[in-house]
Amino acid sequence: QATLDLELDYGHNYQVSLATSAVNTDGNPLSMTHDEETIIREFSIAQATTVTVEPVDGSDDIPVDQVIVLEFSDPMNCDQVKLGFTVRRSDDPKGSKLPGQYACQVQGESTIASFQLYSDVYFEHNTTYLVELDRNIVITKAGNPLPENVESEFTTEREHHVTLQVILGEGSFLDLTGSEIDISEPISIQHASELALTLEPVDGYLLKG
């Protein structure tokens, strides 16, 4: 038995040849059962598994309830995918892992994996998170590793603050009897020397009165 320790490339064809005139360490010819002068065998290395991450690397303004989705180009070993699939804050130490639902399902010749926070739990606002796949753990059903580690970052949307500004002139008043204003953020009320009620769009949200 002969072993070659080589690093082969994905998606290439290779050929192994052995001359029948080869001898062993004692100088004796090898015992061959072939008539040809050279034995030639060919084999191929499969294409590398590709991974698509959603949200894409470098995305920002991502909703705090975003579901992370990974798509693999090959049928994967889902048990290993869930072990080697990590979502964490980018400033947390390597090896940290957000608690949540890590799922994986083979779909024909591809695989879909996902991460979702538990119900009523959200990503923090204006925070960068890192999606990681460890090539030393994640393997295909055929046992092939990923060609390299996968790292992808995204940043969540910033928290929206809404301010309702009411300006009243001297002796004037604002009657909101029967009106409802439901705003989840603190309200700032300021007084000035003239009467005005202004509703302005804030970060794309329009208050209607």
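The values are calculated or read from the model by the stated rules, or taken from the named source; none is laboratory data. Everything numeric here is computed off the predicted structure, so don't read it as measured data. No Cβ is skipped: glycine too gets one built from the backbone with ideal geometry, and neighbour counts run over all protein chains shown. Areas reflect the complete protein model, heavy atoms only, side chains present, ligands, DNA and RNA absent. Shrake-Rupley method; radii C 1.70, N 1.55, O 1.52, S 1.80 Å.
Scanning the range 99-122 for residues that are outside any strand (DSSP E or B) and within 13 Å of Phe85 (Cβ to Cβ) gives a single hit, Gly100. Taking (1) open to solvent by 70 Å² or more (accessible area, probe 1.4 Å); (2) modelled with pLDDT of 95 or more; (3) touching a strand residue (DSSP E or B) at 6+ places or on another chain (Cβ under 6 Å) in turn, Lys97 satisfies each apart from (2). Being more than 17 Å from Thr50 (Cβ to Cβ), free of Cβ contacts under 8 Å to residues at least 12 places away in the same chain and either of a type in the set (Phe, Trp, Tyr) or open to solvent by 20 Å² or more (accessible area, probe 1.4 Å) (or both): is that true of Ser119 here? Judged against the criteria, Ser119 is a match.
Being among the aliphatic types (A, V, I, L, M), at pLDDT 70 or above, over 30 Å from Leu117 (Cβ atoms) and open to solvent by less than 50 Å² (accessible area, probe 1.4 Å) is a description that applies to Ile39.
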